[in-house]
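Chemist: Next up is a structure, given as structure tokens.
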């Protein structure tokens, strides 16, 4: 029960960090804002955090696929891969191509959702400082770099 509360605490932390990213996206009037980033970051954290309990459950309940070590074989990279694919699918929904002026919008928002997933993974594996630094970094990218791009290049948005 205590371990479940720790997992919830991590999901909460990931959701709060990615909420900050969502606030920036909302202020920029982008498709995926506060709730989307929070859900992506929190869900990603949840999925990564339950890998070990899920493996233990499968061992005890099903007694499946045990090797000589007695462990159920699990590849955490596959779980991360599935998260990236799922979040990319959501991100694809934020990308819009205009027929009139042949512009594409939403790419940064889609990429930001992937970043939120990465922050969720960091929190799930207890890399809190990295998660906070990444949150600040993506905010700098989305705000400061966007400002510089508008000022010094032909980028409009």
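Chemist: Tell me, what is the percent relative contact order of region 2-152, built from C-alpha pairs under 8 Å that lie six or more residues apart?
Modeler: 30 percent
Chemist: Report the normalised scattering of the chain as log10 I(q)/I(0) at q = 0.10, 0.19, 0.21 Å⁻¹, calculated by the Debye formula with identical scatterers on the alpha carbons.
Modeler: After summing over all Cα pairs, the log10 values are -0.44, -1.12, -1.27.
Chemist: Sorted by mean Cβ packing within 10 Å, highest first, what order do the peptides 77-89, 26-38 take?
Modeler: 26-38, 77-89
Chemist: At residue 154 and residue 139, where each label point lies 7 Å from the Cα along Cα→Cβ, what is the point-to-point distance in nanometres?
Modeler: So the label points at residue 154 and residue 139 sit 3.4 nm apart.
Chemist: OK, next. How high is the relative contact order of region 1-55? Use alpha-carbon pairs under 8 Å, at least six apart in sequence, and give a whole percent.
Modeler: Rounded, it is 38 percent for region 1-55.
Chemist: While we're here: Give the whole-number value, in cubic angstrom per residue, of the convex hull volume spanned by the C-alpha atoms of region 5-46.
Modeler: 39 Å³
Chemist: Using Cα springs under 10 Å in a Gaussian network model of the chain, which residue among 129, 113, 46 shows the largest mean-square fluctuation?
Modeler: Evaluated over the chain, the most mobile residue of the options is 129.
Chemist: Right, something else. Would you mind computing, in nm to one decimal, how far apart the modelled labels at residue 50 and residue 78 are, each placed 7 Å from Cα along Cα→Cβ?
Modeler: 1.8 nm
Just so you know, all these numbers are worked out from the coordinates, no wet-lab data involved. For clarity, every value in this text was computed on a predicted model and none was experimentally measured. A quick note on method: Cβ atoms are made from the backbone with ideal geometry, for glycine too, and the neighbour counts reach across all protein chains shown.
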